[in-house]
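These notes are about the structure you will find just below.
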Amino acid sequence: MEKRDEPAISAELLTRLARAVVDLQPALVIDLCQQALKEGVAPDVALNQGLAKGMRQVGEKFAAREYFVPEVLLAAKAMYAGFDILKEHLPQKQGYRGRVALGVVQGDIHDIGKNIVKVMVQAAGFEVIDLGRNVPVERFVAAVRNGVDVLGMSSLMTTTMPNMAKVVIALERAGLRNRVKVLVGGAPVTKVFAERIGADGYADDAYGAVKEVERVLK
Ligand code: B1M
């Protein structure tokens, strides 16, 4: 799945979809997702350029103290109402391409981005083991010991990013580092940070995550 530019009508629909998330309107989100599918907007585009974009705008409102936790939770509810529809329509690549474990690091419960990455990676033909959120270092290590090709970690808080480095160190100590490719992502995570902690790859969105999984497994 490649990032695409959308024609004007779809672009307007995507803007309305993002807006409906920001306006905390699950019923409208559902309507717009159904409309988008009917009009031939690709589900991954509606997911990333509609729903995820809306959640990022909610983040800006949260940062500006226009929204507080209750609004953010309602926005997440609206986002998931659309997510549940779109994920069923993502075109699935056939054939086994490898196994990816994904989790949000310890101390962090932000899992919306990880869940988007998960469905996109699955749709690209990879088996995904979802470790969930607030995942302790040892559970990441255990997942690698049980056999995965890629370990993906997500963090949304500057305070939990160091836990990604702890997982890499724990993998080295357990003699497992060369058995797995490590990818990291999440809003505060950067390429420089990924390189500094010795990860094999980094992506700033779900399209990038799929590309990185494919690249590191080449
Ligand atoms: Co909170 N939160 N939150 N929050 N929250 C942030 C992250 C924050 C930046 C808001 C702010 O202050 N401006 C701030 C962190 C500050 C910091 O860095 N230190 C923050 C805070 C402080 C907190 C609490 C402490 C608030 C409190 O209680 N006082 C608390 C922490 C709880 C905890 O984790 N221990 C908290 C709680 C919550 C809610 C529960 C209300 C809710 C989470 C609901 C949930 O996820 N189940 C929430 C939300 C929703 C947000 C914001 C507003 C939005 C995050 C989001 O969903 N983005 C967020 C603001 C922001 O990020 N600017 C904020 C949309 C999502 C689609 O994007 O997750 O970035 P994202 O994922 C993208 C990419 O990053 C990438 O692909 C995804 C799809 O495109 N990606 C990867 C993600 N993972 C990847 C992995 C990869 C590759 C790419 O490879 C493996």
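Quick note: the coordinates plus some simple rules give every number you see, no bench work behind them. The shown structure was predicted, so the numbers you read here are calculated from the model rather than taken from an experiment. No Cβ is skipped: glycine too gets one built from the backbone with ideal geometry, and neighbour counts run over all protein chains shown.
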In debye, nearest 20, what is the charge dipole magnitude of the range 6-89 about its Cα centre with +1 on Lys and Arg Cβ and -1 on Asp and Glu Cβ, if you could check? 180 debye
Across 87/191; 77/166; 61/166; 118/181; 38/218; 53/211, pairs whose alpha-carbon gap is larger than 25 Å: 87/191; 77/166; 61/166; 38/218
J(HN,Hα) series, the range 175-182, from Karplus relation 6.51 cos²θ - 1.76 cosθ + 1.60, nearest Hz, glycine and proline x: x, 10, 4, 7, 8, 9, 9, 10
Rank these for me by crowding, 155, 10, going from fewest to most other beta carbons within 10 Å. 10, 155
Sparse-neighbour loop sites [trypsin sites (Lys or Arg not before Pro); the range 45-92; at most 16 other C-beta within 10 Å; DSSP]: 65
Based on DSSP H assignment, which helices of the chain show an axial Cα extent of at least 20 Å together with a mean Kyte-Doolittle hydropathy greater than or equal to 0.5? 8-22, 69-86
I'd like the FRET efficiency for residue 215 and residue 27, computed as 1/(1 + (r/R0)^6) with the beta carbon distance as r and R0 of 35 Å, rounded to 0.05. 0.30
Enclosed volume per residue, in Å³, of the convex hull spanned by Cα atoms of the range 99-216: 80 Å³
Would you please name the chymotrypsin sites (Phe, Trp or Tyr not before Pro) within the range 29-119 that are DSSP coil residues with at most 12 other C-beta atoms within 10 Å of their C-beta? 68, 96
Starting at the first residue of the range 90-102, write each ³J(HN,Hα) from the Karplus equation 6.51 cos²θ - 1.76 cosθ + 1.60 with θ = phi - 60°, in whole Hz, x for Gly and Pro. 5, x, 9, 6, 8, x, 8, 10, x, 10, 10, 9, 10
Taking placed amide H atoms and a strict 5 Å upper bound, the residues 5 or more places from residue 104 or on another chain that come that close are 132, 133, 134, 135, 154
Give the dimensionless ratio obtained when the Cα radius of gyration of the chain is divided by 2.2 N^0.38 Å. 1.02
Going from the fewest other Cβ atoms within 10 Å to the most, one would list 205, 23 as 23, 205
Using the Cα centre of the chain as the reference point, and only Cβ charges (+1 on K/R, -1 on D/E), how large is the resulting charge dipole? Debye, rounded to the nearest 20. 700 debye
Nearest 500 deg cm²/dmol is fine: what mean residue ellipticity at 222 nm does the chain get from its DSSP H runs of n ≥ 4 alone, each adding -39,500 (n - 2.57), divided by its residue count? -15500 deg cm²/dmol
